[in-house]
Amino acid sequence: MGYVGRSSNGKIAGYGALDVVLEGLRRLEYRGYDSAGVAVVADGVISSRKKSGKLNNLLVELEENPLPDSLTGIGHTRWATHGGPSDQNAHPHLADGGKLALIHNGIIENFAELKLELVGKGVTFLSETDTEVAAALLADIFRSKLNGDVSDGGLTRAMQLACQRLEGAFTLLAVHADQPDVVVAARRNSPLVVGLGEGENFLGSDVSGFIDHTRRAVELGQDQIVTITADTVEITDFFGAPAEGKEYHVNWDPESAEKGGFASFMEKEIHDQPDAVAQTLLGRSDIHGRLTLDELRIDVELLKSVNKIIVLACGTSAYAGQVAKYAIEHWCRIPTEVELSHEFRYRDPIVDGNTLVVSISQSGETMDTLMAVRYAKEQGAKTLSICNTNGSTIPRESDAVLYTHAGPEIAVASTKAFLAQITAAYLLGLYLAQLRGNKFQGEIKDILADLGKIPAKIQRILDNEGQIKDLGRSMADAKSVLFLGRHVGFPVAMEGALKLKELAYIHAEGFAAGELKHGPIALIEEGQPVFVVVPSPRGRDSLHSKVVSNIQEVRARGAKTIVIAEEGDEAVKAYAEHVFYIPEAPTLLAPLLATVPLQIFALELAQAKGYDVDQPRNLAKSVTVE
Ligand code: F6R
């Protein structure tokens, strides 16, 4: 966060920089929370406080050691990359004899080489971070190249020169005691937005940092520097040439970024899911059941000529991609691969002009996925982004975008974005089938009608969540939980396991049910809890009966079986310790329902263990480093 405000008669009117920055950090804390720090400029002096741990630790520190009132400030919450999460490594980092403060997101890849050079010039370092190297470089340029002269650009010019020497991904924000009314920022491969106010301006990693103050935002381009004062916003490239940002209106409701009465953001977001799916479907088909995805803005002929699809994503979004594969291949008959973004880049993938690369990302900022998309583009592929964050980097750099309309997802563990991603992937699959004539219009209309019924069915699961909540609480002592599924139930099983790992810190594993007998069944011992996602008995009969056999196999070896099955499926009862029924849905659409009890289970179990479900340890919402 960065802020510059204007005084009224030399006094701070209403609120100061620290209030704005801390409030912004509170909203942005989901991005990283292993330490936090702030710096303000007051009376020509930089004052800074920083503390390891969550933002609250910094607030306590500020109570004990308050900062002076100020109209210029920066603040940061960190997710450690170089150097552990200590007070020392927290940002801001100071340089120029304490006159310059700098905060940073990302990784500076050539920091070791720069550090050697600076140490050679007599600079000493207090932390293990790459950030302190950037601060020292900026200070060195400000002093030795510009002689500390603030008349001709000063800090802005120094930032331009420093960025020319930095490699890697970074958002940098800096303040200097000699330029008390200015915050200078730079971005390369890492997010940064400007908020435009009246007599005040803001900088944030995303707009939620300042939506309480303004809805006018400016999106910065790649390799740009921005200098804000209370009344001005000036943008240049790294070489000082004037540049322009793109202004847009933020239509997020600040309320929707709050918890809405639930105990945690995650619980709220699980309950937002009927809406997230409904909003993602909204306005994308006409009354004849024809999909109208004109917003994709991609040449229809090009889509028709696609002969291979590669889905790229990480974590939960990659599981959405796996569901997409089943649907797209079934509906469109286009070979579809799903690959973790970070693996894709390094294996010499076969990609050409007829390949459609579909990236899936909630944040639109995941560095692994961004780099994979760039690589695919270089290889000549057409790129389409399924994304939840308007204006973020991945959709901006893709040829086409299909936004999920889940609304802001604050809890680190993804829930509503997952269901919205699956929904968007279905829409894409059906659209391709429509364009290429793989399905009759009537068939597409019927599937859309089935999809339209899903939000109410999710709501039914939520209205009856008591049973799964009780089970979650009762299993707080579980040491390991396994999840089995076949076909689209397989990615659902893996997502169920991931939720439990990341929220409750329990060993959990998702397996393809058919794979069990090839090894993992050795894990089953007396009392081992095993969730089984059972497909509809009305769909492909062989699939259902195979999964029922798998339940019997693990049960015979002592497993405690917990079954997610479709209403009316009596066959599973005999083999299940617990059965959770979900409403009927066509096999391919069932993940939108079967996932929900698994999310609630993980949430309840983690809460019973007393963990912070919104901010699990070691994680960050937006993984903007590779
Ligand atoms: C898990 C989770 C992560 C993300 C992954 C990709 O609950 O949230 O696994 O899905 O880091 O993030 P996005 O979708 O923002 O690219």
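The values are calculated or read from the model by the stated rules, or taken from the named source; none is laboratory data. None of these values were measured; they are calculated from a predicted model. Ideal geometry is used to build each Cβ from the backbone, glycine not excepted, and the neighbour counts take in all protein chains shown.
Take region 272-309 and flag every residue that is touching a strand residue (DSSP E or B) at 6+ places or on another chain (Cβ under 7 Å) and either over 29 Å from Arg345 (Cβ atoms) or within 16 Å of the ligand (Cβ to nearest atom) (or both). Selection gives Arg284, Ser285, Leu291, Thr292.
Of everything in region 189-212, what is outside any strand (DSSP E or B) and among the acidic types (Asp, Glu)? Give them in sequence order.
Of region 189-212, the ones outside any strand (DSSP E or B) are 189-192, 197-199, 205-212.
Listed by number, the residues that qualify are Glu198, Asp206, Asp212.
If the condition is being part of a loop (DSSP other than H, G, I, E, B) and touching a residue at least 24 places away in the same chain (Cβ under 8 Å), then region 1-36 contributes Met1, Arg6, Ser7, Ile12, Gly16, Gly32, Tyr33, Asp34.
If you go through region 366-400 and keep only what is hydrophobic (A, V, I, L, M, F, W, C) and within 13 Å of the chain's Cα centre (by Cα), you end up with Met367, Leu370, Ile386, Cys387, Ile394. For Ala186, the conditions (1) out of contact with any Cys (no Cβ under 7 Å at 6 or more places or on another chain); (2) in a strand (DSSP E or B) are fulfilled apart from (1).
Among the residues making up region 129-168, those that are in contact with an Asp or Glu (Cβ under 8 Å, 6 or more places away or on another chain) and small (Gly, Ala, Ser) are Ala139, Gly148, Gly154, Gly168.
Filter region 435-462 for residues that are under 26 Å from Leu302 (Cβ atoms), of a type in the set (A, V, I, L, M) and buried (at least 18 other Cβ atoms within 10 Å of the Cβ) and give the result.
Let us first name the residues in region 435-462 that are under 26 Å from Leu302 (Cβ atoms), namely 435-441, 443-445, 447-448, 451.
With of a type in the set (A, V, I, L, M) added as a condition, the list becomes 435, 444, 447-448, 451.
Across region 435-462, the qualifying residues are Ile444, Ile447, Leu448, Leu451.
Cβ separations smaller than 6 Å between residues 6+ apart or across chains give the following pairs from region 118-147 residues that are closer than 16 Å to Glu167 by Cβ to residues that are of a type in the set (Phe, Trp, Tyr) and at pLDDT below 95: Asp130/Phe111; Val133/Phe111. Selection of first residues in region 37-60 that are free of Cβ contacts under 8 Å to residues at least 12 places away in the same chain and of second residues that are of a type outside the set (Asp, Glu), restricted to Cβ pairs under 9 Å at least 6 apart or on distinct chains, gives the following pairs, ordered by first then second residue: Asn56/Ala36; Val60/Lys51. Just so you know, in region 403-426 the residues that are more than 14 Å from the ligand (Cβ to nearest atom) and buried (at least 24 other Cβ atoms within 10 Å of the Cβ) include one that is nearest to His249 (Cα to Cα), and it is Thr423. Of everything in region 318-328 that's closer than 16 Å to Leu427 by Cβ and of a type outside the set (Phe, Trp, Tyr), which residue is nearest to the ligand (Cβ to nearest atom)? Here the residue is Ala320. The residue list Gly510, Gly472, Gly489 contains one member that is within 16 Å of the ligand (Cβ to nearest atom), in contact (Cβ under 8 Å) with a residue 12 or more places away in the chain and not assigned by TED's automatic domain parsing to the domain that holds Glu295, which is Gly510. When Ile582 is tested against (1) in contact with a Leu (Cβ under 8 Å, 6 or more places away or on another chain); (2) within 16 Å of the ligand (Cβ to nearest atom); (3) of a type in the set (Val, Ile, Thr), exactly one condition is not met: (2). Of all residues in region 477-486, none are among the β-branched types (Val, Ile, Thr), at pLDDT 95 or above and assigned to a helix (DSSP H, G or I).
Yes or no, residue by residue, for (1) aliphatic (A, V, I, L, M); (2) assigned to a helix (DSSP H, G or I):
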{"position": "Gln552", "(1), (2)": "no, yes"}
{"position": "Gly558", "(1), (2)": "no, no"}
{"position": "Val563", "(1), (2)": "yes, no"}
{"position": "Ala585", "(1), (2)": "yes, no"}
{"position": "Phe601", "(1), (2)": "no, yes"}
{"position": "Leu605", "(1), (2)": "yes, yes"}
{"position": "Arg617", "(1), (2)": "no, no"}
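Within region 150-176, residues that are hydroxyl-bearing (Ser, Thr, Tyr) sit with their Cβ atoms under 8 Å from residues that are part of a loop (DSSP other than H, G, I, E, B) and surrounded by 22 or more Cβ atoms within 10 Å (Cβ to Cβ), at 6+ positions apart or across chains, in these pairs: Thr171/Ser190; Thr171/Pro191; Thr171/Leu192; Thr171/Ser205.
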